[in-house]
Amino acid sequence: MPPPLHVAFLGGTTGPWETISSTAVVGPGLEPVPRLAVVEGGDAVPEATWTLRGFTSNERYVERAERTSLVERQPGLGRAEAEAAALIPIRKSPAWWDLTQDERRAILEDRSQHIAVGLRYLPAVARRLHHCRDLGEPFDFLTWFEFAPADTDAFDELLGLLRASEEWTYVDREVDIRLMRSPSAG
Ligand code: HEM
């Protein structure tokens, strides 16, 4: 596995991503901001209206055959045509964190098909999962997705399937921030 990549999402007035919408799906939302910057690596980040931090990590749930399918199909971030993005911070309930690893895997995949369903939307959607529960952040995960604007309906369909799943009954805070890449002065 590559070493963890620390990533800060800065909501404010600068950055290459323009906010299209910010929706509180479950629990409180985040203050609306016109733009978003994504800073990888370094720990010193500029001031912003809000800053969410996370890091990439080893996989917890993926099995070998799933890893093979993911590696075959998943595109990287930063594709020229992927001008639309979504930042979806998520927190799961104490009941989720009280489960054991095998119980969580059973919910996430055996009963919710998170990975099998997600694979159907590859390679249209590029993704990167950031963990932040151990940082004492307000969310447990910062999920980041990039796709062509023409694939927005497909992305919404995927979200609808996941939000209707048993796994999502454990989500107690979720904010859905949609963005479009657009030049900015900052
Ligand atoms: C684009 C297709 C998608 C694929 C292929 C996919 C695949 C995966 C995989 C393989 C994992 C498990 C990683 C591990 O083993 O630790 C995972 C975790 C996760 N995914 Fe997705 N996913 C997709 C879309 C989404 C969407 C749309 C959301 C909703 C915002 C989402 C939210 C999450 C979260 C929060 C986790 C962490 C779950 C946990 O550790 O409890 N994913 N995803």
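Since every read-out is calculated from the coordinates, none of them should be taken as a lab result. Note that the structure is predicted; figures quoted are calculated from it, not measured. Note that each Cβ is placed from the backbone with ideal geometry, even for glycine, and that neighbours are counted across all protein chains shown.
So, in the range 149-186, of the ones that are part of a helix (DSSP H, G or I) and more than 13 Å from the ligand (Cβ to nearest atom), which residue ends up nearest to residue 25 (Cα to Cα)?
153
Scan the range 129-150 for residues that are within 18 Å of residue 179 (Cβ to Cβ) and surrounded by fewer than 18 Cβ atoms within 10 Å (Cβ to Cβ) and report the count.
5
Exactly one condition in (1) of a type in the set (Gly, Ala, Ser); (2) more than 13 Å from the chain's Cα centre (by Cα); (3) near the ligand (Cβ under 9 Å from one of its atoms) is not met by residue 136; state its number.
For residue 136, the exception is condition (3).
Only one of 25, 71, 39 is among the hydrophobic types (A, V, I, L, M, F, W, C), surrounded by 13 or more Cβ atoms within 10 Å (Cβ to Cβ) and within 12 Å of the ligand (Cβ to nearest atom). Can you tell me which? First the steps, then the outcome.
Values: 71 fails: surrounded by 13 or more Cβ atoms within 10 Å (Cβ to Cβ); 39 fails: within 12 Å of the ligand (Cβ to nearest atom).
Only one candidate qualifies: 25.
Please find, among 32, 89, the residue that is touching a residue at least 60 places away in the same chain (Cβ under 8 Å) and either in a loop (DSSP other than H, G, I, E, B) or of a type outside the set (Ser, Thr, Tyr) (or both).
Exactly one residue qualifies, and that residue is 89.
Just checking, does the range 90-98 include any residue being near the ligand (Cβ under 9 Å from one of its atoms) and under 15 Å from residue 9 (Cα atoms)?
Scanning the range 90-98, I find at least one residue that is near the ligand (Cβ under 9 Å from one of its atoms) and under 15 Å from residue 9 (Cα atoms), so the answer is yes.
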